[in-house]
Amino acid sequence: MSDETDLWLSFKVGEQWFAQSVIGIRDIVPCPEINPVPGSDLDVVGIVDVRGTSIVVHDLARLMNAPAISDSPQLLTFELEDSLQAIRITEAGEIFRAPQDSIESVGNDREGVRGTILYQDHQYIVLDLMRLLEPHTAEHDPD
């Protein structure tokens, strides 16, 4: 096991707990009114204004092909490229330390899902939100 540990933020979407590295996470805020954006990607819920900044809000449940959540009182905001983005969350958990090599692969090659991690008898799905939400192109470079 590695001596290097990372900080992880746990959060809940619906009934599922997730963990995300704290790098790039900006804030957890109460969810203000979300303004829909017609014609946006399916995972985009809309745009919110947080302290004078417009933030695109994504629905993690949709991205993960999970049941929709009706109650998401908080937003987890993070930096993606040169903008702030957010996902709707049901509940923020705690920040904990765990080594990178304690992440167990789930045999899933889905980009943005790194595996699972066990911390204090709780299992979390480990995400890389930046990869999960990065734009996907229809054509892939063959190289």
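How many residues, within the range 114-125, are buried (at least 16 other Cβ atoms within 10 Å of the Cβ) and either under 19 Å from PRO32 (Cα atoms) or touching a residue at least 24 places away in the same chain (Cβ under 8 Å) (or both)? The total comes to 4. Under the condition of being in a strand (DSSP E or B), touching a Gly at 6+ places or on another chain (Cβ under 8 Å) and buried (at least 18 other Cβ atoms within 10 Å of the Cβ), the residues counted in the range 57-79 number 2. Just one of (1) at pLDDT below 90; (2) in contact with a Pro (Cβ under 8 Å, 6 or more places away or on another chain); (3) not charged (D, E, K, R) fails for SER40. It is (2). Within the range 1-49, the set of residues being within 28 Å of ARG97 (Cβ to Cβ) and of a type in the set (Val, Ile, Thr) comprises THR5, VAL13, VAL22, ILE23, ILE25, ILE28, VAL29.
Can you tell which of GLU104, GLU94 is acidic (Asp, Glu) and surrounded by 13 or more Cβ atoms within 10 Å (Cβ to Cβ)? From the options GLU104, GLU94, the qualifying one is GLU104.
Are there any pairs, at least 6 apart or on different chains, whose C-beta atoms fall under 8 Å, with the first in the range 32-50 and on the phi > 0 side of the Ramachandran plot and the second among the hydroxyl-bearing types (Ser, Thr, Tyr) and in a loop (DSSP other than H, G, I, E, B), and if so, which? Cβ pairs passing all conditions: GLY46/SER40. ILE95 satisfies every condition listed in (1) part of a helix (DSSP H, G or I); (2) at pLDDT 95 or above except (1).
The values are calculated or read from the model by the stated rules, or taken from the named source; none is laboratory data. Keep in mind the model is a prediction, meaning the values are calculated, not measured. Cβ coordinates were reconstructed from backbone atoms using ideal geometry, including for glycine residues, and neighbour counts include every protein chain displayed.
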